[in-house]
Amino acid sequence: MFERFGTELREVVMGAQRVASDEAAANVDPLHLLTSLARHTGVLTTLGCPADELADDVGRVRRRGGMSDADVEALSGFGIDVEHIVERVEQTHGPGALTGGQRGGRGHRPFTQEAKKALEKSLREAVEVGSKRIDGEHLLLALTALPGVAADVLAQRGIDYLAVRRLVEQREAS
């Protein structure tokens, strides 16, 4: 499948490895792919989502151990203050205590099952719109189509599957 990746998507995948490494994460997950996508393509900016704002959103989600703003809002309806819980955990265990499996060093990080599914889905999306190669916009389609935190973060910014699909179809037509 990697041979069908366009230059842009190759850079996104390699960038996701760097993002995971910079965060000392054990694996590359869909949020790493999304962060790299924002840094290495203009597709999110085209949809009205600047990379720095998306990075802030992803940082909040990571700090809360993967809980999206929608999750936090739902729990607040039950009287659970997630931000207070995160603060207490960080007081006891240090900043970023809920960010997940950490490991030292640089080097290769394996992709989580969710990240692999997103890359596989991007291939299916590219084929469906008649593209011969897979680009960043196809990965964005996949991230919006698959359930998960990346889709939640994008939805909060008003970026959903239909909006991305319209953009891809416009680009394919021109």
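The values are calculated or read from the model by the stated rules, or taken from the named source; none is laboratory data. As the structure is a prediction and not an experimental result, all values here were calculated from the model. Glycine also receives a Cβ, built like all others from the backbone with ideal geometry; neighbour counts cover every protein chain displayed. Note: areas computed on protein heavy atoms with side chains; ligands, DNA, RNA excluded. Shrake-Rupley method; radii C 1.70, N 1.55, O 1.52, S 1.80 Å.
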Fluctuation leader among Leu162, Leu119, Leu146 - the chain, Gaussian network, Cα springs under 10 angstrom: Leu162
With every protein chain kept in the model, how would you rank Val86, Val149 by accessible area, 1.4 Å probe, largest at the top? Val149, Val86
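Taking the Cα centre of the chain as origin, work out the dipole magnitude from +1 charges on Lys and Arg Cβ and -1 charges on Asp and Glu Cβ, in debye rounded to 20.
For this selection, approximately 680 debye.
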Which value at 222 nm does the chain reach when only helices count, each DSSP H run of 4 or more adding -39,500 (n - 2.57), with the total divided by all residues and rounded to the nearest 500 deg cm²/dmol? -19500 deg cm²/dmol
In terms of the charge dipole of the chain, which places +1 on Lys and Arg and -1 on Asp and Glu at the beta carbon, the residue among Thr144, Ala118, Val164 farthest towards the positive end is Ala118
Over segment 32-81, give the accessible area per residue in Å² for a 1.4 Å probe, as an integer. 47
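Once a ≥ b ≥ c are taken as the square roots of the eigenvalues of the Cα gyration tensor of segment 1-82, is the result rounded (a/c under 1.5), prolate (a/b larger than b/c) or oblate (a/b not larger than b/c)?
prolate
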Carbon plus sulfur fraction of accessible area for segment 41-174, probe 1.4 Å, in percent: 53
By how many degrees, 0 to 90 and rounded to 10, does the Cα axis of helix 51-63 deviate from the longest principal axis of the chain? 40
Output the 0 to 90 degree angle, nearest 10, between the alpha-carbon long axis of helix 161-173 and the longest principal axis computed from the alpha carbons of the chain. 30
Measure nothing fancy, just the Cα-based angle from helix 82-93's long axis to the longest principal axis of the chain, in degrees from 0 to 90, nearest 10. 70
